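Everything below concerns the one structure shown next.
The values are calculated or read from the model by the stated rules, or taken from the named source; none is laboratory data. Please read these numbers as outputs of a predicted model, since none were measured by experiment. All Cβ positions, even for glycine, are placed from backbone atoms using ideal geometry, and neighbour counts span all protein chains on display. The protein model used for the area step is the full one, side chains on, heavy atoms only, and it has no ligands, DNA or RNA in it. Shrake-Rupley method; radii C 1.70, N 1.55, O 1.52, S 1.80 Å.
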Amino acid sequence: MRLTLTLDNGDGETPSDFTSRLSARACRDSLRDFCLDFGLDAQGIIDGRAESVGRLADLAGVDQDGLLAEAFVRVGNQRRYKHKGQDLLWSSLLRSRVRMCPACMTEDIENLDCRIAARPHRRSIWIIKPIRTCIRHDMALAEIGSLESPAQLHDVSQVIASALPRLPHLLDHATRRTPSSLECYIVDRIAATAGVSWLDGFPLHAALHIAHVLGAVAQHGSDVVLDDLSDDALWQCEAAGFAIADRGETGILSLLDDLRERFRDSRYYGHGRKATYGRLYDWLAHENSDPAYDPLREIVFRHAVETMPLGPGERLLGREVVERRTHSIRSASLEFGLHPKRLRKLLRTAKLTGKQSDVLADDRVVFDAEAAEPFLRDLAQSMSLEEAREYLNVPRPHDRGLLERGLINPMITGGRSDGEHAFLRSDLDDLLERLLRNADPMLCGDTAMVPMITAAKHSCCAVMDIVALVLDGKLKRVGRDTSDRGFISVLVDAEEARPHVVGPAYEGHSLRELESLLPAKSRAVKALLEQGLLVAETVKNPVTGWMQPVVLPDELARFKSEFASLHILSREGGEHIRRVKKSLVAAGVHPVADPELLGQTLYRRSDLP
């Protein structure tokens with residue numbers, strides 16, 4: 001059987017797009033209905049199965065080989081495809097959004113004389129995601145619609161037909177540009193006419209994604225969010241990424257060096273491979289395990305080992321680091337038990353680091369680990385934090401609190417095991433002497449006197465805040481428990497200490513209080529603040545010390561006088577919400593914003609009839 005109303009398959013037209021165009025030629029509602037009418041396997045055509053495409057070719061009277069050559073052939077049950085001998089993934093393709101060249105659409109309409117909706121067709125090359133420019137007309141592809149619903153999926157002619165009235169506008173406003181180097185590479189590689197490139201060693205889907213990620217990181221920094229980039233920005237990124245990858249290892253190492261320099265000179269808090277390589281590292285380490293990217297992983301691995309303080313046993317990109325090549329002040333201080341500040345000075349003296357290291361953080365000053373090994377071992381000394389904790393009789397984790405507040409100053413920081421530091425006994429004795437200087441053992445029996453840890457819990461503050469009050473002499477009553485020793489033996493009056501650590505009460509309503517005062521749900525309150533309809537002030541919580549938003553009474557009164565929710569209007573008028581809404585719609589009164597956005601239907605009182 002052969003169709004009476006048929007078409008020639010278009011230049012570069014996929015079997016599924018051709019089927020959709022045949023359906024439009026026959027005035028049928030959809031591709032799938034058309035296939036049902038003539039006993040065609042719609043999914044087989046979409047997946048590029050030879051038997052299904054052959055039946056379509058026989059029905060339409062077109063060359064099967066030419067039609068099959070443009071297919072994206074699905075490989076097994078995976079989301080992998082073959083197109084003209086090239087390996088692609090579902091993520092490499094853009095099948096749910098239809099992009100067309102307005103100039104090609106115009107030519108298709110002029111060159112055919114069938115039903116106009118069946119004339120324009122999409123080229124298979126445009127389905128490949130990084131192709132954003134028509135090679136023939138040097139024109140940016142225009143997105144004319146999407147195929148989101150299951151009924152529409154792959155039925156591209158419906159979307160093209162709906163865009164025809166807009167074709168003059170699309171043509172007038174089209175962006176003229178020369179195709180990027182990546183776009184030219186893709187076209188040439190598919191046509192088997194590409195020159196020699198480092199990316200030739202990768203499947204096409206991997207080559208595309210490598211250019212995509214490298215370019216985004218190079219153009220927008222290691223913390224780039226790929227989904228936030230526009231099509232034009234992605235076009236520029238992919239061109240830049242191809243230029244990097246096309247140079248092979250040299251280009252990639254240059255980018256990695258640049259990322260290292262950016263991280264070293266930045267104020268970004270963090271260290272390590274994620275902080276340095278950012279999005280590139282996340283992608284290679286966590287988001288895919290495809291061995292196709294192993295050559296790129298190898299380059300990044302070697303660069304990291306040679307430029308970062310990575311030691312034996314650490315894992316990077318699925319591999320274990322065998323030998324340390326580089327130390328930082330931080331890694332050396334941890335390994336050898338040396339205070340980083342002292343170590344920084346000694347490294348400068350030994351000329352293992354340069355003058356530029358003075359302005360860099362500890363984890364960003366790196367030096368040759370092998371050359372520094374004898375020097376670091378000579379400096380290694382140890383007196384553990386555990387011994388200091390026992391000596392002071394301070395429980396965990398308050399030993400850390402003393403250290404972090406600078407109340408005990410380590411001579412050497414770090415160590416061979418977690419939590420190990422070096423302290424001078426004289427420094428510890430000085431702290432105990434200052435804590436117990438004014439401690440009166442006669443107050444031991446006073447029930448109001450409690451250990452500093454208990455007083456901190458009572459005042460909802462840090463223990464070190466209470467310790468600071470004792471050391472600064474701000475408390476009149478300081479006692480000592482004669483049955484204990486050291487830090488634990490110091491007693492304070494919790495009620496006396498509380499005013500020193502609790503701030504003044506704030507004026508205003510918390511977000512939780514607003515939920516009942518408006519009334520509104522938590523989501524609606526947050527939406528009012530985000531949209532600027534209700535203005536909050538940021539104040540310090542007197543108990544927790546955390547900053548929190550509050551709404552002042554005057555602001556709340558202003559809001560209530562200016563706005564009213566549908567619920568409030570219903571309650572004020574004594575009418576059902578539906579009746580109130582119906583009357584407002586009839587009067588042409590609209591909400592101030594989308595109810596879905598605000599979490600409620602809100603009106604301006606001045607708009608009410």
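Key figures for this structure:
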{"read-out": "Principal-axis tilt of helix 294-307 within the chain, Cα atoms, nearest 10 degrees", "value": "30"}
{"read-out": "Segment 503-609: GluC sites (Glu not before Pro) in DSSP loop, at most 12 other beta carbons within 10 Å", "value": "507"}
{"read-out": "Alpha-carbon centroid distance for the pair segment 163-179 / segment 472-513, whole angstrom", "value": "72"}
{"read-out": "Pairs beyond 30 Å (Cα-Cα), from 129/526; 129/274; 274/526; 540/560; 345/540", "value": "129/526; 274/526; 345/540"}
{"read-out": "Rounded percent of accessible protein surface that carbon and sulfur make up, the chain, 1.4 Å probe", "value": "50"}
{"read-out": "Segment 206-273 and segment 422-469: distance between their alpha carbon centers, rounded to Å", "value": "53"}
{"read-out": "Point-to-point label distance, residue 184-residue 79, nm (Cα→Cβ direction, 7 Å offset)", "value": "3.3"}
{"read-out": "Under-5 Å amide H pairs with residue 338, H placed in peptide plane, nonlocal only", "value": "413, 415"}
{"read-out": "Rounded to 10°, Cα long-axis angle of helix 425-436 versus longest principal axis of the chain", "value": "70"}
{"read-out": "Rounded tilt (10° steps) of 369-379 against the dominant C-alpha axis of the chain", "value": "10"}
{"read-out": "Net lengthening on full extension, residue 274/residue 96 (0.36 nm per residue, minus Cα-Cα)", "value": "60.8 nm"}
{"read-out": "Residues in segment 91-128 reached by a label modelled at residue 146 [backbone nitrogen below 11 Å; 7 Å Cα→Cβ]", "value": "96-98"}
{"read-out": "Nitroxide proxy distance, nm - points 7 Å out along Cα→Cβ at residue 387 and residue 468", "value": "3.1"}
{"read-out": "Cβ-Cβ FRET estimate between residue 58 and residue 166, R0 fixed at 41 Å, reported to 0.05", "value": "0.70"}
{"read-out": "DSSP-assigned coil residues among trypsin sites (Lys or Arg not before Pro) in segment 106-174, each with at most 13 further Cβ atoms within 10 Å", "value": "136"}
{"read-out": "In nm, spacing of pseudo-spin labels at residue 297 and residue 320 (7 Å Cα→C-beta vector)", "value": "1.6"}
{"read-out": "Neighbour-limited loop hits for trypsin sites (Lys or Arg not before Pro), segment 321-390 (at most 11 other Cβ within 10 Å; DSSP other than H, G, I, E, B)", "value": "351"}
{"read-out": "HN-Hα J in Hz across segment 48-56 - Karplus 6.51, -1.76, 1.60, θ = phi - 60°, x for Gly and Pro", "value": "x, 6, 4, 4, 5, 5, x, 5, 5"}
{"read-out": "Cα lying deepest toward the dipole's positive end in the chain, options 435, 284, 509, charges on Cβ", "value": "509"}
{"read-out": "Model label zone, residue 175; criterion: amide N under 19 Å from point 7 Å along Cα-to-beta-carbon; scope segment 237-258", "value": "237-243"}
{"read-out": "Accessible area (Å², per residue) of segment 182-321, counting only protein heavy atoms and a probe of 1.4 Å", "value": "45"}
{"read-out": "Full-extension gain in nm, residue 375 to residue 434, via 0.36 nm per residue minus C-alpha separation", "value": "17.5 nm"}
{"read-out": "Fraction of beta bridges assigned by DSSP in the chain that are antiparallel (%, nearest 5)", "value": "95"}
{"read-out": "Two-site FRET efficiency, residue 575 against residue 8, from Cβ-Cβ distance with R₀ of 60 Å, rounded to 0.05", "value": "0.35"}
{"read-out": "Pairwise centroid distance, computed over Cα atoms, of segment 350-364 with segment 330-349, Å", "value": "11"}
{"read-out": "Answer label for Cα extents along the principal axes in Å (calculated), chosen among [x] 102, 56, 53; [y] 111, 82, 40; [z] 74, 67, 58", "value": "[y]"}
{"read-out": "Unpaired by the 4.7 Å Cβ criterion, cysteines found in the chain", "value": "27, 35, 114, 184, 237, 444, 460, 461"}
